[in-house]
Amino acid sequence: MTEQTHRRRESDVDGWGGPSRRTTALRGLHGQTVETIGSRIVRGRYAPGSSLPPEELEQEFGISKTVLREALRVLAAKGLVDARQKRGTVVRPRSSWSLLDADLLRWQGGEPDAAFLDNLAEVRGIVEPAGARLAATRRDDDDLDAMRAALQAMTEAGTDAAAVVEADLAFHRALLDAAHNELLSRMEVVIEAGLRARDLLVHAGEHWPDSVPVHRAILEAIEAGDGSAAAAAVDTLLEQASADAGRVESAKPRARTRSAAASRARRSRGEPRS
């Protein structure tokens with residue numbers, strides 16, 4: 001496939017998971033290359049210490065040496081790769097990665113494991129109760145309106161998992177913003193990436209716990225200006241979130257066992273595999 005053909009195909013797919021932000025074909029191709037290689041590294045397809053074969057990547061993506069070189073430069077800035085003489089571009093150990101980088105957080109959240117969710121829970125436990133305590137004394141009318149709108153959207157989402165996730169993200173984003181601390185607001189990058197991963201995991205099932213009441217308790221405490229109550233309500237929410245994620249994780253082995261048993265039963269009856 002030629003680079004020109006690859007560009008045309010890529011124009012129909014947004015590598016960033018939302019409406020396209022591209023302004024030129026080259027920029028889009030470069031972004032997609034960064035996206036694909038970066039996510040492969042973070043998810044373990046390219047292990048630390050392994051070399052990235054430039055010729056194979058150029059052929060696979062249908063890109064030029066210049067595009068690949070620029071993409072690798074971006075990944076190097078994120079701490080993912082390092083160019084070495086005689087060895088080419090090598091994947092760096094995880095300890096060298098910029099783990100708070102927005103892209104790395106998103107790539108990790110795409111296929112979250114138990115360790116990532118545990119790390120998220122710890123960070124949220126440190127950041128969000130303190131943020132809620134500050135929000136209770138610093139929030140303004142716009143902040144309250146944003147949280148109310150998010151809570152209303154969460155209520156109206158019903159069984160629409162995608163809508164529930166987006167409303168949940170909007171609520172927590174508004175909560176951090178209500179603290180009116182610029183550095184704390186930047187923590188939304190960490191919170192949002194992991195929160196989205198957890199929400200998608202929990203809400204992927206047919207049934208999930210109703211989180212509207214505990215979110216409403218947070219809002220009511222902030223409306224009342226009660227920092228201690230707001231922090232306590234967030235603690236309750238986080239306990240529920242961890243329990244929900246734990247139930248989903250523990251259910252996975254049972255689901256795999258049931259699936260395997262069903263497959264064996266079908267084979268014993270001479271039925272084809274599904």
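The values are calculated or read from the model by the stated rules, or taken from the named source; none is laboratory data. A quick note: this is a predicted structure, and the numbers were derived from the prediction, not measured. Virtual Cβ from ideal backbone geometry, glycine too; neighbours counted across all protein chains shown.
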Any residue that is surrounded by 13 or more Cβ atoms within 10 Å (Cβ to Cβ), under 30 Å from residue 115 (Cβ atoms), β-branched (Val, Ile, Thr) and modelled with pLDDT of 90 or more - is there at least one of those in segment 53-67? no
Just one of 226, 244, 235 is at pLDDT below 85 and among the charged types (D, E, K, R); which is it? 244
Show the residue pairs that are 6+ apart or on different chains and have beta-carbon atoms under 7 Å apart, the first residue being within segment 147-159 and more than 21 Å from residue 224 (Cα to Cα) and modelled with pLDDT of 95 or more, the second being surrounded by 16 or more Cβ atoms within 10 Å (Cβ to Cβ) and not aromatic (Phe, Trp, Tyr). 153/167; 153/170
Exactly one of 67, 90 is in a helix (DSSP H, G or I) and among the β-branched types (Val, Ile, Thr), and that one is 67
Looking at (1) surrounded by 18 or more Cβ atoms within 10 Å (Cβ to Cβ); (2) at pLDDT 90 or above; (3) farther than 30 Å from residue 34 by Cβ, find the lone condition where residue 164 falls short. (2)
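Quick one: which residue in 120, 75 is aliphatic (A, V, I, L, M) and more than 21 Å from residue 185 (Cα to Cα)? Working first, answer last.
Details: 120 fails: more than 21 Å from residue 185 (Cα to Cα).
Step by step, each of 120, 75 is checked, and only 75 is aliphatic (A, V, I, L, M) and more than 21 Å from residue 185 (Cα to Cα).
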Could you please let me know if residue 220 is of a type in the set (Asp, Glu), part of a helix (DSSP H, G or I) and at pLDDT 95 or above? yes
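Take residue 131 and decide whether it is on the phi > 0 side of the Ramachandran plot, surrounded by 13 or more Cβ atoms within 10 Å (Cβ to Cβ) and not basic (Lys, Arg).
Details: on the phi > 0 side of the Ramachandran plot: no; surrounded by 13 or more Cβ atoms within 10 Å (Cβ to Cβ): yes; not basic (Lys, Arg): yes.
Taking the combined requirement at face value, the residue does not satisfy it.
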